[in-house]
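Please read the structure below before turning to the comments.
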Amino acid sequence: MNSFFKEFNPVGKQEWIDKIHADLKGKDPSLLEHKDKIEEIDFSSVYHISDQKKHETPGGFPFTRGIKTNLNDWKNTAYVQVSDEKEANTKILHFLMTGADALWIVSTKENIDWNIVLNDVEFEHINAQFSLNSYEDMLKIQEIASHTPNTIHFNFDFLSNNLDLAKFGSHFKENQQRFALVNGFGIQQCGGTTWQEIAFCLNTGHEYLLQLMESGLTIDEASACIGFHIGIGGNYFYEIAKIRSLRALWAKIVQAYSPEHNCSHNCSVTAVIGHTNKSLSDPHTNLLRQTTEIMSALSAGIESIVVLPHDLYSDQGVDSISERMAINIPLILKEESYLDKVIDPIGGSYALEELTDLIGKKAWAQFQSLEQAGGLFNSDAQNNFKSDVQKKRALREEAFLEGETLLIGINNYSNPDPVLSNWKRIPTYLGMDALNYERITKTISA
């Protein structure tokens, strides 16, 4: 391969740019420059090998390119809400027989009989994460899955719920499982920027580390207890760069406490495909949006993917086809497109490496600002942060209403035969409403 490239003369950056400008045939060269007023990032389409700043490899610190060194495999995770135990069990078994190899089980009521919900579920073959209402529910599930504890994880959001983190930390000191959830997905769904989401994750995760270490855990034990949920939007390259930036910055924080084990730097990411840009009126457009969003998450090397059915919050209920597609799209990308075979396929792209750095710098500055203000567990700092997120949300809404943001089936090329369904209220996060563009359109029409 080396002798092959010797056949070509090196091309300097200016020579390359001149050629690109010539190929534009009189069009304004500024078309190659992107100025994102919401993300506050100026980003070029043109980068050259001379712009390359780093030569990182997968599995090496700071893990921008991930910790994987063999395959880019991931867990295809089915989302199941538990309101009726038998119905939830039927759904779980159906998903596991039709392509899911992991579960995200969400409790929606008190006093659940978990033996019914988890009947015939063989945890030795799958992974599962549980979003629960209580410490007691966690103990019940641990008892049921006591023979395979390493496949079970929990999602307790200590920032939005009044739970005792130290109590959980003491319980998990001897046998670590992920239980402390950093819910970046909530920030993304409320309209936050990529770097606001990362800064939120870094500050919340850092606070978890500190509190767990104060409870007697080492940095290695504490880091093993933290998991991240990251929301994936429609800006393909930004979403890839966002996850890569998060990994590098999280590793930087963990490294400051001198862990003994390299795996402690790992940022365990579950990517969640949500509803900001989804349509109930023109449901088939969601297949394309979900596919590209999943691809960006997989290209960034996440551990688990959750595709929420596009009609999860429809007043008509969840359709079996939307549930099926939520499982099938990641499965097709693995079994037919082989996205699990190449680790960090974006690595080495000069443009993506630059975008990763740009997002990372803004995220780190925001993280430092949050730390100086006392962190997100401080009510004043949290309220100021939420105000900043809501300002970005307002800018997104403005861009959508003015036609700068175009979404096929929503505000562009509307479905002439729309499906008659309406959005129910999408759950808030930290008191902030979720952003959904189609709801804005329907509100205006009404």
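The residues of the range 101-145 that are touching a Leu at 6+ places or on another chain (Cβ under 6 Å) and among the small types (Gly, Ala, Ser), listed by number, are Ser107, Ala128. Looking across the range 24-75, not a single residue is on the phi > 0 side of the Ramachandran plot and either among the aliphatic types (A, V, I, L, M) or not in a loop (DSSP other than H, G, I, E, B) (or both). Looking at the range 9-32, is at least one residue within 23 Å of Ala300 (Cβ to Cβ) and under 30 Å from the mean Cα position of the chain (by Cα)? Checked the range 9-32: no residue is within 23 Å of Ala300 (Cβ to Cβ) and under 30 Å from the mean Cα position of the chain (by Cα). Looking across the range 42-97 at every residue that is closer than 24 Å to Val342 by Cα and of a type in the set (Lys, Arg), the one that is surrounded by the fewest Cβ atoms within 10 Å (Cβ to Cβ) is identified as Lys53. Ala300 meets all of the listed conditions (1) of a type in the set (A, V, I, L, M, F, W, C); (2) exposed (fewer than 15 other Cβ atoms within 10 Å of the Cβ); (3) closer than 21 Å to Val272 by Cα but one, namely (2).
This table checks each residue for (1) in contact with a helix residue (DSSP H, G or I) (Cβ under 6 Å, 6 or more places away or on another chain); (2) not hydroxyl-bearing (Ser, Thr, Tyr).
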residue	(1), (2)
Met213	yes, yes
Thr218	no, no
Lys252	no, yes
Lys278	yes, yes
Ser281	no, no
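To keep it simple, each residue is scored yes or no on (1) over 26 Å from the mean Cα position of the chain (by Cα); (2) on the phi > 0 side of the Ramachandran plot.
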{"site": "Glu85", "(1), (2)": "yes, no"}
{"site": "Gly99", "(1), (2)": "no, yes"}
{"site": "Ile116", "(1), (2)": "yes, no"}
{"site": "Phe123", "(1), (2)": "no, no"}
{"site": "Leu139", "(1), (2)": "yes, no"}
{"site": "Pro149", "(1), (2)": "no, no"}
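Among the residues in the range 166-183, are any crowded, with 20+ Cβ neighbours inside 10 Å, farther than 27 Å from Ser258 by Cβ and not β-branched (Val, Ile, Thr)? Among the residues of the range 166-183, at least one is crowded, with 20+ Cβ neighbours inside 10 Å, farther than 27 Å from Ser258 by Cβ and not β-branched (Val, Ile, Thr), which makes the answer yes. Note on the range 172-244: enclosed helices (runs of 4 or more DSSP H) holding 3 or more residues that are of a type in the set (Val, Ile, Thr) and closer than 24 Å to Arg393 by Cβ are 194-214. Has the range 325-339 got at least one residue that is under 25 Å from Arg425 (Cβ atoms) and either touching a helix residue (DSSP H, G or I) at 6+ places or on another chain (Cβ under 8 Å) or at pLDDT below 95 (or both)? Yes - at least one qualifying residue is present in the range 325-339. When each of Leu212, Leu280 is tested for being of a type outside the set (Gly, Ala, Ser), out of contact with any strand residue (DSSP E or B) (no Cβ under 6 Å at 6 or more places or on another chain) and surrounded by 18 or more Cβ atoms within 10 Å (Cβ to Cβ), the lone residue that passes is Leu212.
Scanning the range 319-334 turns up at least one residue that is outside any helix (DSSP H, G or I) and either free of Cβ contacts under 8 Å to residues at least 60 places away in the same chain or more than 26 Å from Asn70 (Cβ to Cβ) (or both).
Please work out if Asn412 is of a type in the set (S, T, N, Q) and at pLDDT below 95. So Asn412 passes the test.
The values are calculated or read from the model by the stated rules, or taken from the named source; none is laboratory data. Treat the numbers as computed from the prediction; the structure is a model and nothing was measured. No Cβ is skipped: glycine too gets one built from the backbone with ideal geometry, and neighbour counts run over all protein chains shown.
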